[in-house]
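Read the structure below first, then the notes.
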There are 2 protein chains.
Amino acid sequence: MEKKIKIGLIGLGTVGSGVYKVLQNFDNIEIVKIAVHNKKKKRNIEGLDESIITDNAYEVVNDPEVQIVAELIGGTEPAFDLIKTAIKNGKHIVTANKELLAKHGEELFNYAQDNNKVILYEAAIAGGIPLIMPVKTILAGNKINKIKAILNGTTNYILTKMDVQGASYNEVLAEAQDLGYAETNPTGDVEGFDAAYKITTLATIAFGKRIKFENVYREGITKIRPEDMKAANEMGYKIKLIASAELDNEGKADVRVHPMLVPKYKTLAHIDYVTNAVTLSGNPVGEITLSGPGAGEFPTASSVVGDILAIVSELGKTDYILPMMRCNHNENAQMIDISQTQNKYYISICANNKTGVIGKIGTACGEHNISLASIVQKEVKDNCADITVITEICKEKDMLEVIETLKNDENILNVNSMIRVQV
Amino acid sequence: MEKKIKIGLIGLGTVGSGVYKVLQNFDNIEIVKIAVHNKKKKRNIEGLDESIITDNAYEVVNDPEVQIVAELIGGTEPAFDLIKTAIKNGKHIVTANKELLAKHGEELFNYAQDNNKVILYEAAIAGGIPLIMPVKTILAGNKINKIKAILNGTTNYILTKMDVQGASYNEVLAEAQDLGYAETNPTGDVEGFDAAYKITTLATIAFGKRIKFENVYREGITKIRPEDMKAANEMGYKIKLIASAELDNEGKADVRVHPMLVPKYKTLAHIDYVTNAVTLSGNPVGEITLSGPGAGEFPTASSVVGDILAIVSELGKTDYILPMMRCNHNENAQMIDISQTQNKYYISICANNKTGVIGKIGTACGEHNISLASIVQKEVKDNCADITVITEICKEKDMLEVIETLKNDENILNVNSMIRVQV
């Protein structure tokens, strides 16, 4: 009989349970140790052998039998030290930990390489969507220079609901929390941290240069108003939280997460609720879009198990397994600060209903070399004339200056929103 | 210096030229021999060394230096014999030949396996979209049981243009031929052969059982009328040529290519012009959609080069390279004939404008246990009352009998169209 490959799991929550169940289908794989937070917790997993469960995760990474460790607990500590210990002990790693990779990816991948071990992490970015392995293997002949992605299901759910129901952010958030789509403290999702972790690592492997998480610009969805949703719709757009990464001709990277007006003719505009999607542009391939479930027990398990199977298929056959899947990058990407970028903008302004206001807006833009694509004044409500502006591409710096100017104008009551527009 | 991997190309047309150009970016790869049909043809390829060009493709497959042969000529012969000869001579194969794989895949993959060589073919199905490698590797933990795909750019271009312009099939075909999107003899595309070749191989690897091309039901787009496009649109659908494969609970396969009404909330409804897309449903992953350019010099080169790089990364490191990418299937799939399937249908009927006609249609359907989802009679033109029926799911056999009954009714002038509807 073929000798079974021995797996250790750290974490038996939603993802861990899914991985446990799916691995039962593979005769050549055996889970020999599982670390949990609370051994006494009742688990509804058929056939689970309680004797392999420990509440000391170091028993997994120190177990001499274990060949592959799947880290499925998330967060930076103790995951960081557990993975390093496992590597030191000669184990290959599969992880779904986006935060850890974003913050300590460089150190981890270098340490793995020094020890001739691999760290695979398909599940960490876009859940069940095949993304990391395709980028590292079948797309390896490409220079990828642009990524636009919806990488956070919670915020996409909230934005979709706001769009469909015409409801406010706070109403929909409460509903999403009730349904378990948003956490009690939603900051990690709604302020864009989760998407920023993911785009940090995705841009690093796509561009072949290390992106530092602290250099990724980040802006959440908490200020999006139902009025913005409605105005965007009327002008042919949907508002989405977009994780974006671009590499310019000089090799400088512009990586960010913020809401965007996405034209309805783009695939990303039609990615709704908790679905994720990634549009990659590369040479020679052109533009491809990969979409599917970005989270959940089974989609995430699909990716974790896929990574495990890739390692299993190579173990014992060669000393240097999966060379294309390694993620060492000696070069740190030079970054472009958001203030130096050029964008197209949507601005929503509330003004006194007086003659000359539209003219003032046009003049302020013109003085900063900003051309307008459209300017629409709608009905007056509560003494506020609702003015919507879409600019052509202009400098972020200039746009911010115009907004400052407008805010100081006596007839402009408020600049409600400034949202960038995908071109 | 690292020793270069030696490549032989068969074919230097659109795809071959793209592959040649992209491979120039890789220092560890050298093209040492290229077979062309006509040596005298003027080629616009920078730096091309004429001395490595031959018009005898056997010089490529018999060249002892060559380690990987990329077959990029298409068609069954001489490609079939060339690939077998190359394998016999110890070479790994990369091919973009969908027809050859659909018709002779079983023999080729078995022959390669017997000789411990791999045949990779990412470019053969859906051009630049990462599809085969993801299905074989990162999705390997899944049981895929459903595929819905747009795999032919020419027909998708024609259908999109018919939809946008309200034009007839023949008008748009002529325009597509002028633009080079359709061939002078368009049969291979418009009658669904091309898509059928592709779904044959894709379903084989997704289901893990060999599908025989001759068992794939096939119906083209030549009978689609602008009126069908308009009616579909009004009811919330787009008409697309869908390559479909499903595996039922008993393991029987239903594989086919025919036009379908696709609901507008599905991603495939928004895949326009020459873009391709594949929606896969599997357990545990759920539903994922991969979309992008299905053909063209550079997208196709992306996939061919990706395959070459995968082989290169493993050569010399292990005797048994890329175990997950091998495509041997001992089992032939049991197939479900189209006549035994159940579907939802769109029917367009032209009838005399007499009372009782709608009743007769309803009765004929009822007698065959077919429930109607909707029935709409529109304005009378040229003495024809235009009646559009959408059924619930029913047996194909029953639907065909109803149509026979209706055709024999004195007040029914014609059944213009029967198109299946995606559910």
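The values are calculated or read from the model by the stated rules, or taken from the named source; none is laboratory data. None of these values were measured; they are calculated from a predicted model. Positions of Cβ are generated from backbone atoms using ideal geometry, with glycine treated the same way; all protein chains shown enter the neighbour counts.
Number of residues in the stretch A:300-314 that are at the interface with another protein chain (Cβ under 7 Å from one of its Cβ atoms) and under 19 Å from the mean Cα position of the chain (by Cα) equals 3. Pick from the stretch B:270-288 the residues that are farther than 30 Å from B:ASN25 by Cβ and among the polar types (S, T, N, Q): which of them is surrounded by the most Cβ atoms within 10 Å (Cβ to Cβ)? Per the criteria, the residue is B:THR279.
For every residue, the table says whether it meets (1) away from every other protein chain (no Cβ under 14 Å); (2) among the charged types (D, E, K, R).
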site	(1), (2)
A:SER51	yes, no
A:PRO64	yes, no
A:LYS98	yes, yes
A:GLY105	yes, no
A:GLN113	yes, no
A:ILE138	no, no
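Does B:VAL389 fit the bill of being over 30 Å from B:LEU202 (Cα atoms) and surrounded by fewer than 18 Cβ atoms within 10 Å (Cβ to Cβ)? So B:VAL389 does not fit the description; no.
Looking at A:ILE412, A:ILE370, just one residue is closer than 30 Å to A:LEU268 by Cβ and either loosely packed, with under 14 Cβ neighbours inside 10 Å or in contact with a strand residue (DSSP E or B) (Cβ under 6 Å, 6 or more places away or on another chain) (or both), and that residue is A:ILE370. Just one of the listed residues (B:ASN328, B:ASN369, B:ASN352) is more than 14 Å from chain A (Cβ to nearest Cβ) and in contact with a Phe, Trp or Tyr (Cβ under 7 Å, 6 or more places away or on another chain), and it is B:ASN328.
Exactly one residue out of A:PRO284, A:PRO323 is at pLDDT below 95 and within 18 Å of A:THR137 (Cβ to Cβ), and it is A:PRO323.
Check whether at least one residue in the stretch B:15-31 is out of contact with any strand residue (DSSP E or B) (no Cβ under 9 Å at 6 or more places or on another chain), more than 14 Å from chain A (Cβ to nearest Cβ) and not acidic (Asp, Glu), and report yes or no. Taking every residue of the stretch B:15-31 in turn, none turns out to be out of contact with any strand residue (DSSP E or B) (no Cβ under 9 Å at 6 or more places or on another chain), more than 14 Å from chain A (Cβ to nearest Cβ) and not acidic (Asp, Glu).
Report yes if some residue within the stretch B:233-251 is among the β-branched types (Val, Ile, Thr) and under 14 Å from the mean Cα position of the chain (by Cα); otherwise report no. Checking the stretch B:233-251: at least one residue is among the β-branched types (Val, Ile, Thr) and under 14 Å from the mean Cα position of the chain (by Cα).
Does A:VAL415 qualify as being under 19 Å from A:MET260 (Cα atoms) and assigned to a loop (DSSP other than H, G, I, E, B)? It would help to see each step written out before you state the result.
On the way: under 19 Å from A:MET260 (Cα atoms): yes; assigned to a loop (DSSP other than H, G, I, E, B): no.
Spelling it out, it is not the case that A:VAL415 is under 19 Å from A:MET260 (Cα atoms) and assigned to a loop (DSSP other than H, G, I, E, B).
Which residue is surrounded by the most Cβ atoms within 10 Å (Cβ to Cβ), if the candidates are limited to the stretch B:226-249 and must be over 25 Å from A:ILE271 (Cβ atoms) and free of Cβ contacts under 8 Å to residues at least 40 places away in the same chain? Walk me through it before giving the result.
Start the filter on the stretch B:226-249 by keeping residues that are over 25 Å from A:ILE271 (Cβ atoms), which leaves B:226-231, B:234, B:247-249.
From what's left, free of Cβ contacts under 8 Å to residues at least 40 places away in the same chain: B:234, B:249.
Details: B:GLU234: 11, B:ASN249: 6.
For the stretch B:226-249, the residue satisfying everything is B:GLU234.
When we screen B:GLU77, B:GLU71, B:GLU106 for residues that are closer than 25 Å to B:GLY316 by Cα and of a type in the set (Asp, Glu), the only hit is B:GLU71.
Where residues in the stretch B:251-269 are under 25 Å from B:GLU234 (Cα atoms) and surrounded by fewer than 18 Cβ atoms within 10 Å (Cβ to Cβ), which of them is farthest from the other protein chains (Cβ to nearest Cβ)?
Of the residues in the stretch B:251-269, the ones under 25 Å from B:GLU234 (Cα atoms) are B:257-269.
From what is left, the residues that are surrounded by fewer than 18 Cβ atoms within 10 Å (Cβ to Cβ) are B:263-265.
On the way: B:PRO263: 12, B:LYS264: 9, B:TYR265: 8 Å.
Checking each candidate, the answer is B:PRO263.
Would you pick out the residues in the stretch A:222-255 that are under 18 Å from A:LYS344 (Cα atoms), in a loop (DSSP other than H, G, I, E, B) and touching a helix residue (DSSP H, G or I) at 6+ places or on another chain (Cβ under 8 Å)? The answer is A:ILE224, and nothing else.
Residues that are surrounded by 23 or more Cβ atoms within 10 Å (Cβ to Cβ), in contact (Cβ under 8 Å) with a residue 60 or more places away in the chain, more than 14 Å from chain B (Cβ to nearest Cβ) and out of contact with any helix residue (DSSP H, G or I) (no Cβ under 7 Å at 6 or more places or on another chain) are absent from the stretch A:122-134 altogether.
Is it fair to say A:ILE347 is modelled with pLDDT of 95 or more, assigned to a strand (DSSP E or B) and touching a Phe, Trp or Tyr at 6+ places or on another chain (Cβ under 8 Å)? Working first, answer last.
On the way: modelled with pLDDT of 95 or more: yes; assigned to a strand (DSSP E or B): yes; touching a Phe, Trp or Tyr at 6+ places or on another chain (Cβ under 8 Å): no.
Taking the combined requirement at face value, the residue does not satisfy it.
Residue count for the stretch A:315-325 under the criterion of being at the interface with chain B (Cβ under 7 Å from one of its Cβ atoms) and either assigned to a helix (DSSP H, G or I) or touching a Leu at 6+ places or on another chain (Cβ under 9 Å) (or both): the result is 2.
The rows are residues; the columns are (1) more than 21 Å from B:LYS230 (Cα to Cα); (2) assigned by TED's automatic domain parsing to the domain that holds B:ARG210; (3) acidic (Asp, Glu); (4) in contact (Cβ under 8 Å) with a residue 40 or more places away in the chain.
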| position | (1), (2), (3), (4) |
| --- | --- |
| B:GLN334 | yes, no, no, yes |
| B:LYS344 | no, no, no, yes |
| B:SER348 | no, no, no, yes |
| B:ILE361 | yes, no, no, yes |
| B:ASP382 | no, no, yes, no |
| B:THR388 | no, no, no, yes |
| B:GLU392 | no, no, yes, yes |
| B:LYS407 | yes, no, no, no |
| B:ASN411 | yes, no, no, yes |
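Restricting the stretch B:272-299 to residues that are among the hydrophobic types (A, V, I, L, M, F, W, C) and assigned to a strand (DSSP E or B), the residue that is farthest from the other protein chains (Cβ to nearest Cβ) is B:VAL278. A:ALA167 meets each of the listed conditions (1) more than 14 Å from chain B (Cβ to nearest Cβ); (2) touching a residue at least 60 places away in the same chain (Cβ under 8 Å) apart from (2). Considering the stretch A:1-29 alone, what residues qualify as being within 32 Å of the chain's Cα centre (by Cα) and of a type in the set (D, E, K, R)? Of everything in the stretch A:1-29, those that are within 32 Å of the chain's Cα centre (by Cα) and of a type in the set (D, E, K, R) turn out to be A:LYS6, A:LYS21. Residue-level check: of (1) at pLDDT below 95; (2) surrounded by fewer than 17 Cβ atoms within 10 Å (Cβ to Cβ), B:GLU314 misses just (2). Taking the conditions (1) among the small types (Gly, Ala, Ser); (2) within 23 Å of A:PHE26 (Cα to Cα); (3) not assigned by TED's automatic domain parsing to the domain that holds A:GLY18 in turn, A:GLY316 satisfies each one other than (3). Scanning the stretch A:1-11 for residues that are assigned to a loop (DSSP other than H, G, I, E, B) and of a type outside the set (Gly, Ala, Ser) yields a count of 4.
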